[in-house]
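So the structure is just underneath, and the comments pick up after that.
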Amino acid sequence: MAAVVASSVVVLATPQVAEALPSVCSSGSPTVRVWTGSSDHTTWGDGGNWSPAGIPGDRPGDVICIETTDTIDVAANTLSTVDQLHVAGSATIVLHAGAGILANGSAESVWAAGTSVQATGGQLGGSGTIRVQGALTLGSTTSAATLTSRDVANGPQPPADTGELVVEGHATVANLGALIRTGYTLSVAGGGVLTVTPGSSVTADDGTALTTQPGGLVDLAGDGGYYPGSDVSGLTKSVVTNNGTLRKSGGSGTSVVQGKYLGTGTVAVLSGTLAMPDNQKVGAAVSAGTTFATGRCDSVPACQPTTNPATDPMSLGFTVPGTNGVPALVQLEERGVTADVKQIGNEVLAHADGLVPDAAHPARLVVRYSQPEVMATPLGEVQVVHTDEGGRDSLVPDCSGGTLSTGLYYCVVRPVSRDAQNTYVTVLAATTSRWHLRRALPVENQGSPGAPHGLRTKRLAPFDGSVLGLTWTAPDSSGAGPVSGYKTYVDGKLRTTTTSTSLVLKNVGAGKHTIAVSALNAAGQGPRASITVTIDPLSKPRRVDERAGASGGDRTAGVVWRPPAEAGGLRISGYQVAVFAASGRKVAQKLVSPGKRQLFFALGAGEYRFRVRARNADGYGPWSRPTDLVRPR
């Protein structure tokens, strides 16, 4: 993509120092013709103003040299074809409509700093190279100026050798603007500036070129642009190669740059809308409240993005919020198909770095589609899919009352609009990436997160199945907004809501259980991730052993135990201890708290056994095995 910067380009005027003519002008060559102004100091076509006398171009190989303070008029119907044209001093040349100066030599023509050429109309160029170090104006209120490699009366096809005008100083396209024809190239060198003034434009035939070299600037100071001219058989659209800076600095409307766009330079949108060619990914530094777009036009000189599918089947525009503190670095691209089998129309890239939107001030993406499969889809089934940087898709939820709800990254404005030829989809966005359409009915919780993953459980203290630790990781896709929480279900019933990715589950009970977790965002609740756990029933207490009482007091005997290995998925609420005589007759029974681990009874002479069982909310578990007989003491 084209490189982008987050600041405008500032061009500082520096004093120009008049430069001398090149050495060829003082070489004594018989082909050199020098301006003297001896006749009237004004008229180009007056032979008395030249030495040797004559009109430039009236002999082969004319090298024209002008170093003067005169203002020289090139009148209508004057066409001078020369080898070279060198201008120095503070000379001014005014080229009127119907006139022409064509320099066809292999050596460059140099128009030095301090000079001014005003092409109010007519033809300028030739098959050679002209290097403009001073000032150049193209166009007037009555006529456009034409940059051409040969006399346009000979047709639109370029000659074998095509010419180039290189702006090293400052060129201004004004009023009715400039035409580029017959394979000509307009270049802006490092330090050079080409300004297209408000209301003006450059119109370029097939086979021509606009080139901005590193350090050069093309400045669209109004709503004009670089427009398509005549179709020329066998030639491609004009090539715009930007290795410098292309900037729209003025105008609240739309400037269109047409042709095949190449280069790695800077594009900056400081005002209004700039629409660029859609032949590749394009990028720009887009200031707050301005729009970067793709789009073609089919009407000049009033070239505005067309909605005619025959000229341009689709286009997109991205508007940076007016509250953005710095220019956003926006990338746009009209792409192809995705892996989504329900896709309709083309995928588009609309990505921005440095975007600082909020729900009240989102970015706005408008995409125009004319593809038959889009036009055949009922508007209620036109869904938008957002693909994040990781390649994860999320359905875009509907906006609420045409606004982006707090907590959402993006939404689609409903209803989607349509005319006889196009469908228009508008997305409000606080985050960006790739987008495409899908034909589908709306679904509940559209834009909700994906399912969590990595769901697992483990037993926590007292490690008897009554307390479970549940953990998971966030979904791969948070959907149309950040994850705000999770809902946890046990056997289909909501157990709890949390913002964490772990929690403690208590008292789920014995048996086979399905534990599920779903993620939440502002668009709704996503699908559930689930696992199955099995909790064994309440088991017998462990290590149940008899004990004789301490000597020296009442005759006592008792029992000690450890809790069951399985609590039946519920907290143990207590224990029941029973005492049996040697004959098996129960002689005593008592309930104790869940923290108890032993119990002694005052008993008469004889031998006794003990049994213990635990209790939870579901009831008693099985009795422990009987202890051995013990005599109280």
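For the chain, give the percent of accessible area contributed by carbon and sulfur heavy atoms, probe 1.4 Å, rounded to a whole number.
Within the chain, the accessible surface is 51 percent carbon and sulfur.
Taking the Cα atoms of the chain, report the difference between the largest and smallest coordinate on each principal axis, in whole Å and largest first.
154, 54, 38 Å, listed from the longest principal axis down.
Pop out the ³J(HN,Hα) list for region 73-83 in order, Karplus 6.51 cos²θ - 1.76 cosθ + 1.60 with θ = phi - 60°, rounded to Hz; leave Gly and Pro as x.
Taking θ as phi minus 60°, the curve returns 9, 9, 6, 4, 6, 9, 10, 10, 10, 10, 7 Hz for region 73-83.
State the answer as a single residue: which of PRO228, LEU329, PRO397 lies farthest towards the positive end of the charge dipole of the chain, with beta carbon charges of +1 for Lys and Arg and -1 for Asp and Glu, about the Cα centre.
PRO397
One-quarter of the Cα convex hull surface for region 437-483, in nm²?
It is 5.1 nm².
Leaving ligands, DNA and RNA out of it, rank TYR620, TYR608 by accessible area with a 1.4 Å probe, largest first. Don't jump to the answer; show the numbers that get you there.
On the way: TYR620 80, TYR608 25 Å².
Sorted descending by solvent-accessible area, the residues read TYR620, TYR608.
Give the long-range amide H neighbours of THR137: residues separated by 5 or more places, or on another chain, with amide H under 5 Å away, using H modelled in the peptide plane at 1.01 Å from N.
Under 5 Å from the amide H of THR137 lie the amide H atoms of VAL117, GLN118, ALA119, THR172, each far enough along the sequence or on another chain.
Placing +1 at every Lys and Arg Cβ and -1 at every Asp and Glu Cβ, with all other atoms neutral, what dipole size does the chain have around its Cα centre, in debye to the nearest 20?
For the chain, the charge dipole is close to 7360 debye.
Which of the peptides 597-606, 135-144 is most tightly packed, and how do the rest follow, judged by the mean count of other Cβ atoms within 10 Å per residue?
So the peptides 597-606, 135-144, ranked by packing, come out 135-144, 597-606.
Specify which residue in the list MET276, GLY98, GLY183 is farthest towards the positive end of the charge dipole of the chain, using unit charges on the beta carbon of Lys, Arg (+1) and Asp, Glu (-1), about the Cα centre.
MET276
Give the shape of region 177-241 as rounded, prolate or oblate, defined through the alpha-carbon gyration tensor: a ≥ b ≥ c are the square roots of its eigenvalues, a/c under 1.5 means rounded, and otherwise the shape is prolate if a/b is larger than b/c and oblate if not.
Working: a/c = 2.72, a/b = 1.37, b/c = 1.99.
It is oblate, given that a/c is not under 1.5 and a/b is not larger than b/c.
Under a point spin-label approximation (7 Å from Cα along Cα-to-Cβ), what is the SER583-THR36 distance to one decimal in nm?
Output for this residue pair reads 15.8 nm.
Across every pair of different alpha-carbon atoms, what Kirkwood hydrodynamic radius in Å does region 529-633 reach?
One over the average 1/r among Cα pairs gives 14.4 Å for region 529-633.
Among the DSSP beta bridges whose two residues both lie in the chain, what percent are antiparallel, rounded to the nearest 5?
If we restrict to bridges inside the chain, about 55 percent are antiparallel.
With a ≥ b ≥ c taken as the square roots of the eigenvalues of the C-alpha gyration tensor of region 113-181, please select rounded if a/c is under 1.5 and otherwise prolate if a/b is larger than b/c or oblate if it is not?
Because a/c hits 1.5 or more and a/b fails to exceed b/c, region 113-181 counts as oblate.
Rounded, prolate or oblate: pick one for region 205-305, where a ≥ b ≥ c are the square roots of the eigenvalues of its C-alpha gyration tensor, a/c under 1.5 means rounded, and failing that, prolate if a/b is larger than b/c, else oblate.
Values: a/c = 1.87, a/b = 1.29, b/c = 1.45.
In terms of gyration-tensor shape, oblate.
Among 35-41, 475-481, what's the highest-first ranking by average C-beta atoms within 10 angstrom per residue?
475-481, 35-41
Kirkwood hydrodynamic radius for region 348-459: how many Å is it when counted over pairs of different Cα atoms? Intermediate values should be presented prior to the final figure.
Values: mean 1/r = 0.0662 Å⁻¹.
Value: 15.1 Å, from the Cα pair sum.
Along each of the three principal axes of the Cα atoms of region 455-569, give the extent in whole Å, ordering the values from largest to smallest.
Taking the Cα atoms of region 455-569, the three principal extents are 77, 24, 19 Å.
Only Lys, Arg, Asp and Glu count, each charged at its Cβ (+1, +1, -1, -1), so figure out the dipole size of region 362-408 about its Cα centre, rounded to 20 debye.
So the dipole magnitude of region 362-408 works out to roughly 200 debye.
Given a 1.4 Å probe, how much area per residue of the chain is accessible, in Å²?
Dividing the accessible area of the chain by its residue count gives 41 Å².
The values are calculated or read from the model by the stated rules, or taken from the named source; none is laboratory data. Values in this document were obtained by computation on a predicted structure and should not be read as measured data. Cβ atoms come from the backbone with ideal geometry, glycine included; neighbour counts cover every protein chain shown. Side chains included, ligands, DNA and RNA excluded: accessible areas come from the protein's heavy atoms. Shrake-Rupley method; radii C 1.70, N 1.55, O 1.52, S 1.80 Å.
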